[in-house]
Amino acid sequence: MARARLGNRAARRLFLDRHALLEAPSGPSKGADLLDLISRLGFVQLDSINTVARAHDVILYSSYRPAHLKRLYEADRGLFEHWTHDAAVIPMAYYTHWHLRFQRDADLLRSRWRNWRRDGFEAQFATVLEHIRDHGAISSSDIGKDEKKGSGGWWDWHPSKTALEYLWRSGALTVVGREGFQKCYDLTERVIDERLHPGVAPVDVAATVDWLCNGAMDRLGFATSGELAAFWDTASATEAKEWAAAQLQSGALEEVEIEQADGGWRRVLARPGIVEQAEALGPAPGRMRVLSPFDPALRDRKRAERLFGFHYRIEVFTPAPKRKYGYYVFPLMERERLVGRIDMKADRGAGQLNITAVWPERGVSWSAPRIGRLEAELDRVARFAGLQNVAFADDWLRDPI
């Protein structure tokens, strides 16, 4: 039997719908509404870079205010912080599904971190736990002041800092908030409902893998087994492949072909009926959107390139002379297209959003109406970042590269 086929435009709309980018922003979300949005996305990545606003703020900015996220996370305990492919805030309702991640991180990081010149961190476990038990929540600056760091850079922590991170990643500690983006840790037993604590029940690996793969499929719309494994970055590629094979055999999944931006076709997995669902979706709003480099829709760079024809790499770790665009360049989306990228930075002293350059994608004409939509979006971004003005460099509109 021939596989169902989904054209590129419908595939883009389905993908954007699953990432909450197909509808117009509905205004500031907070409390349950904000939690619903994060649950829909699965998680929101955290990042410290603040050229305009931090990554998690830019991801959510169209529909919330930063104070609402802080309250939901630190006061209401609707979220917890841990790792997917990177540090993220995750709905507390998913906490028990992270027991497998705690267990796997505990095994992986012991050996890996010993090899990164952090010898001695295991000897600090009891000391760190006792300090927190006696003094309450702490940050890494509260311990290990007389310990020697290595010379490997920002990541080369002293032994107590390494112990602190290990105890968090393995579940004994919980991050209860951040001050100046520095994590604050407390005992899991004091923060998390005791019914949810790691170790209360044995980890059910099969049930967790099933939850992870189902959740990834729901949020991606269509995917390979490797993409399902990479979404939460907890199930292994082998586990996801075996799960997908069983789902195909039962009829819960089927193989479909997705048209790529270059006109080629790629075989993926999807729920039955996904083609009809995608083709019934309407277009995205006509407004321009500034996306975070860490937006869930762009997290898988290769997938975004296949689907949208948009090649994107963040250049913060690239030496300045070798950068193609800039230190921290934001993608620009209009309807279902990624139409360009923008280099901009907040000058907080002047209350101004400075626009250094905009590079259109090849084949995208920057007409007066399109520039108007960009200006409207930048006004929104500036207000969100607490800035009063937007200023363009003289040569801001560049040729495509």
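The values are calculated or read from the model by the stated rules, or taken from the named source; none is laboratory data. Keep in mind the model is a prediction, meaning the values are calculated, not measured. Because the Cβ atoms are built from the backbone with ideal geometry, glycine has one as well, and the counts that use them run over all protein chains shown. Side chains are part of the model used for accessible areas, which takes the heavy atoms of the whole protein and leaves out ligands, DNA and RNA. Shrake-Rupley method; radii C 1.70, N 1.55, O 1.52, S 1.80 Å.
Measuring r between the beta carbons of Ala237 and Ala93 and using R0 = 45 Å, the FRET efficiency lands at 0.95. Using R0 = 30 Å, the C-beta based FRET efficiency linking Val205 and Phe125 works out to 0.75.
Converting phi to 3J(HN,Hα) with the Karplus coefficients 6.51, -1.76 and 1.60 and the offset θ = phi - 60°, the range 331-339 yields x, 10, 10, 9, 6, 9, 10, 9, 9 Hz in sequence order, with x at every glycine or proline.
Once Rg and the Kirkwood radius are both taken over the C-alpha atoms of the chain, their ratio Rg/Rh works out to 0.98. P(r) tail for the range 206-253: Cα pairs beyond 16 Å make up 22% of the total.
For the chain, carbon and sulfur atoms together expose 49% of the accessible surface, with a 1.4 angstrom probe and every protein chain in place.
The slack between Arg380 and Glu255, meaning 0.36 nm per residue of separation minus the straight C-alpha distance, is 40.9 nm. Taking amide H as placed 1.01 Å from N in the peptide plane, the amide H of Trp265 sits under 5 Å from that of Gln260, each at least 5 places away or on another chain. A simple count of charges around His68, restricted to other residues whose Cβ falls under 11 Å of its Cβ and scoring Lys, Arg +1 and Asp, Glu -1, yields +1. Average accessible surface for the chain: 46 Å² per residue, computed with a 1.4 Å probe over protein heavy atoms with every protein chain in place.
Here is how the number arises for the chain: DSSP H runs of 4 or more residues each give -39500 (n - 2.57), the sum is divided by the residue count, and the result at 222 nm is -10500 deg cm²/dmol.
What the Cα convex hull of the range 1-140 gives, in volume per residue, is 213 Å³. With a 1.4 Å probe rolled over the protein heavy atoms of all chains, the accessible area of Arg267, Arg195, Arg178 falls in the order Arg195, Arg267, Arg178, largest first.
Our coupling estimate for the range 72-85, obtained by passing each phi through the Karplus curve with A = 6.51, B = -1.76, C = 1.60 and θ = phi - 60°, is 4, 7, 8, 9, 7, 6, x, 10, 10, 10, 7, 9, 10, 7 Hz, Gly and Pro reported as x.
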